Amino acid sequence: MSARTVVISPAPTANGDLHLGHIAGPFLAADVHTRYARSQGREVLLGTGFQDTSTFVVTTAHRRGVTPAELVATSAAQISASLEAMGIGVDGYTGDDDRFTKWVVDFVGRLYSAGKLELRTMKFPYSSRSGEFLVDGFASGSCPECLAEGCAGLCESCGQLVAAGDLLDVRSTLDPSDPVVLREADVLVLPVERYRARLQAHFAAHASGMRPHMAQAMATMLSKPLPDFPVTYPISWGIEVPFPEVAGQRVNPNAEPMAWSMHCSALSAEKRSGSVSSEDALWLAGADSEIVYFLGFDNIYPFAIAGPAMLLALDGRYDLPTRYLTNEFYELDHRKFSTSRGHVVGSRELAAEVPRDLIRFHLAATSPEHQRTSFSRDGLARVTSSRLVSPWNRVADKVNRWVGLGPLPVSSRSRRAASLMASRFAESYELAGFSLNRAAETIAEQLARLDGRAVTGANAGDFCFEVDRLLRGAAPILVDLASQVLGEDAGVDAESFTPAALPRLREAEAGR
């Protein structure tokens with residue numbers, strides 16, 4: 001086992017607040033694993049932040065009638081507040097400061113100085129009206145690989161890299177009536193194909209670090225020649241590069257992930273343990289860090305192909321990430337979350353109305369680990385009432401009858417039950433089999449088991465002890481309940497137990 005685990009959830013675009021789809025995907029999962037691993041005495045760093053260099057900042061700002069800078073400032077504060085409201089315990093929170101910008105330029109500059117970037121002439125959509133090249137969020141059309149509708153850059157459906165010039169039926173996102181033509185421009189690229197064999201070998205050796213959908217997509221991508229990856233774009237939004245061949249160009253936002261991840265891990269380490277020697281200190285070969293990503297499926301290309309290829313291009317300086325815990329889309333009433341259409345549930349707004357333990361439990365139970373799942377307010381109220389709130393309140397009432405009467409004896413049978421519960425939770429929280437769905441199911445199953453037991457003087461110690469052990473297992477999800485109740489851990493081998501008073505949970509109201 002590595003000396004430390006660096007857990008990263010890729011930075012959301014600073015073009016709005018976080019909604020429940022974001023939380024139910026990478027953020028809750030990363031937080032739950034981090035809390036569990038720390039309870040086992042491990043060193044874990046958890047980082048995320050926001051990204052302001054994405055072209056989607058510009059398109060969203062245009063739609064809302066604000067400047068990109070205004071949108072970034074508002075969104076950055078909202079994202080941070082929403083993570084806090086949902087109990088996501090982030091260590092390092094990245095932003096758009098000079099330190100980050102300088103590090104991105106330094107990192108890309110290393111590739112440039114080593115001769116790993118090459119000048120290529122590529123075709124890009126071009127706006128006749130604005131006189132601007134259209135890349136990523138500026139260009140809309142259909143994916144040339146799977147035909148799904150979307151924007152250039154990355155396909156949300158198949159995860160493939162989508163060059164703007166290859167989009168089918170391409171049009172301007174900002175002005176669909178704008179006549180679009182293809183025009184050539186020289187950009188710096190990383191010839192990713194040169195690293196394909198090494199990427200194949202790396203991911204073959206760490207196949208257990210991917211969920212099936214990602215493994216299938218990676219196998220497909222790596223089974224054929226990889227296209228050149230543009231590291232610079234001929235646009236005016238983003239981080240400017242200092243290279244004379246492409247003067248005035250910006251870093252492709254999808255070429256930032258490795259530099260951003262390193263910066264994120266450095267900020268996390270600084271918050272928890274003090275300064276680090278460099279932005280990339282925890283990523284250097286031999287640093288004994290396991291890099292773990294919790295991310296949406298649509299982010300796999302920059303974080304698992306283009307980014308690692310950049311690391312390989314730097315000739316053994318860095319170890320590659322080994323684990324990627326992907327998620328699919330989380331929908332609202334079986335339709336994609338959409339801020340522009342008002343089809344959204346904000347994290348902070350919901351947390352202001354519903355106890356966040358209930359939200360975290362429901363999101364864990366419905367997390368889109370392997371396929372799209374859907375949220376509804378009625379479903380939240382119904383599921384949490386029947387599987388969490390009602391059985392917990394009955395169990396708490398039973399325990400509370402014995403408060404002040406301890407210590408109570410604990411049998412060997414109960415100690416074995418406690419050990420079995422701990423094993424069940426560990427199977428769900430450890431990275432090898434991580435599953436929020438199974439963790440939530442274990443909470444519900446064990447609550448139902450204890451709810452059905454009659455408590456007498458003969459078994460009160462066993463009952464109260466097992467409730468305590470259940471709550472310790474559920475603590476990474478039910479953070480507020482655990483913080484109110486749990487004291488010193490008596491351990492799974494305790495022969496006696498002194499019960500403490502347990503609070504009741506409040507029901508969530510149905511849709512409003």
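The values are calculated or read from the model by the stated rules, or taken from the named source; none is laboratory data. As the structure is a prediction and not an experimental result, all values here were calculated from the model. Note that we place each Cβ from the backbone using ideal geometry, even for glycine, and neighbour counts take in every protein chain shown. Accessible surface is based on the protein model in full, side chains and every heavy atom, while ligands, DNA and RNA are left aside. Shrake-Rupley method; radii C 1.70, N 1.55, O 1.52, S 1.80 Å.
Couple of notes before you dig in:
- When we screen Phe463, Phe497 for residues that are buried (at least 22 other Cβ atoms within 10 Å of the Cβ), modelled with pLDDT under 95 and either closer than 24 Å to Ser428 by Cα or over 35 Å from the mean Cα position of the chain (by Cα) (or both), the only hit is Phe497.
- Ser80 vs. criteria surrounded by 15 or more Cβ atoms within 10 Å (Cβ to Cβ), part of a helix (DSSP H, G or I) and touching a strand residue (DSSP E or B) at 6+ places or on another chain (Cβ under 7 Å): yes
- Residues of the stretch 232-281 that are within 17 Å of Ala164 (Cβ to Cβ), under 24 Å from the mean Cα position of the chain (by Cα) and not in a helix (DSSP H, G or I): Gly238, Val251, Asn252.
- Residue list for the stretch 25-49, filter: under 13 Å from Leu83 (Cβ atoms), in contact with a strand residue (DSSP E or B) (Cβ under 6 Å, 6 or more places away or on another chain), in a helix (DSSP H, G or I) and hydrophobic (A, V, I, L, M, F, W, C): Ala30
- Members of the stretch 215-242 found to be open to solvent by less than 60 Å² (accessible area, probe 1.4 Å) and closer than 27 Å to Thr59 by Cα, listed by number: Asp228, Phe229, Pro230, Val231, Thr232, Tyr233, Pro234, Ile235, Gly238, Ile239, Val241
- Of all the listed residues (Arg317, Arg372, Arg348), the sole one being touching a strand residue (DSSP E or B) at 6+ places or on another chain (Cβ under 9 Å), over 27 Å from Ala255 (Cβ atoms) and modelled with pLDDT under 95 is Arg372.
- Of the strands (runs of 3 or more DSSP E) that lie entirely inside the stretch 109-158, those containing 1 or more residues that are touching a strand residue (DSSP E or B) at 6+ places or on another chain (Cβ under 6 Å) and open to solvent by 70 Å² or more (accessible area, probe 1.4 Å) span 118-127, 149-151.
- For the stretch 85-108, the set of residues classified as of a type in the set (Ser, Thr, Tyr), in a helix (DSSP H, G or I) and closer than 29 Å to Val32 by Cβ is empty.
- Selection from the stretch 215-231 of residues that are of a type in the set (S, T, N, Q) and not in a loop (DSSP other than H, G, I, E, B): Gln216, Thr220
- Filter result (assigned to a helix (DSSP H, G or I), aliphatic (A, V, I, L, M) and closer than 19 Å to Arg38 by Cα) within the stretch 465-512: Leu470, Leu471, Ala474, Val479, Leu481, Ala482, Val485
- Every residue from the stretch 1-17 that is open to solvent by 10 Å² or more (accessible area, probe 1.4 Å), part of a loop (DSSP other than H, G, I, E, B) and hydroxyl-bearing (Ser, Thr, Tyr): Ser2
- Top-ranked residue of the stretch 76-103 - restricted to ones that are among the aromatic types (Phe, Trp, Tyr) and over 17 Å from the mean Cα position of the chain (by Cα), ranked as nearest to Ser278 (Cα to Cα): Trp103
- Failed item, numbered, when Gly165 is tested on (1) crowded, with 19+ Cβ neighbours inside 10 Å; (2) small (Gly, Ala, Ser); (3) part of a loop (DSSP other than H, G, I, E, B): (3)
- Unique residue being under 16 Å from Met218 (Cβ atoms), part of a loop (DSSP other than H, G, I, E, B) and open to solvent by less than 10 Å² (accessible area, probe 1.4 Å) when the list is Pro302, Pro321: Pro321
- If the condition is being under 19 Å from the mean Cα position of the chain (by Cα) and at pLDDT 95 or above, then the stretch 62-75 contributes no residue at all.
- Of all residues in the stretch 203-214, those being open to solvent by 30 Å² or more (accessible area, probe 1.4 Å), touching a residue at least 12 places away in the same chain (Cβ under 8 Å) and assigned to a helix (DSSP H, G or I) number 3.
- Filter result for Val383 (open to solvent by 20 Å² or more (accessible area, probe 1.4 Å) and either among the aliphatic types (A, V, I, L, M) or modelled with pLDDT of 95 or more (or both)): yes
- Checked against the criterion of being aliphatic (A, V, I, L, M), open to solvent by less than 30 Å² (accessible area, probe 1.4 Å) and over 33 Å from the mean Cα position of the chain (by Cα), the candidates Val399, Val403, Val354 yield just one match: Val399.
- Test: residue in the stretch 262-269 that is in contact with a strand residue (DSSP E or B) (Cβ under 8 Å, 6 or more places away or on another chain), surrounded by 23 or more Cβ atoms within 10 Å (Cβ to Cβ), of a type in the set (Ser, Thr, Tyr) and within 21 Å of Arg110 (Cα to Cα): yes
- Residue count for the stretch 168-188, restricted to those that are surrounded by fewer than 20 Cβ atoms within 10 Å (Cβ to Cβ) and either touching an Asp or Glu at 6+ places or on another chain (Cβ under 8 Å) or of a type outside the set (A, V, I, L, M) (or both): 10
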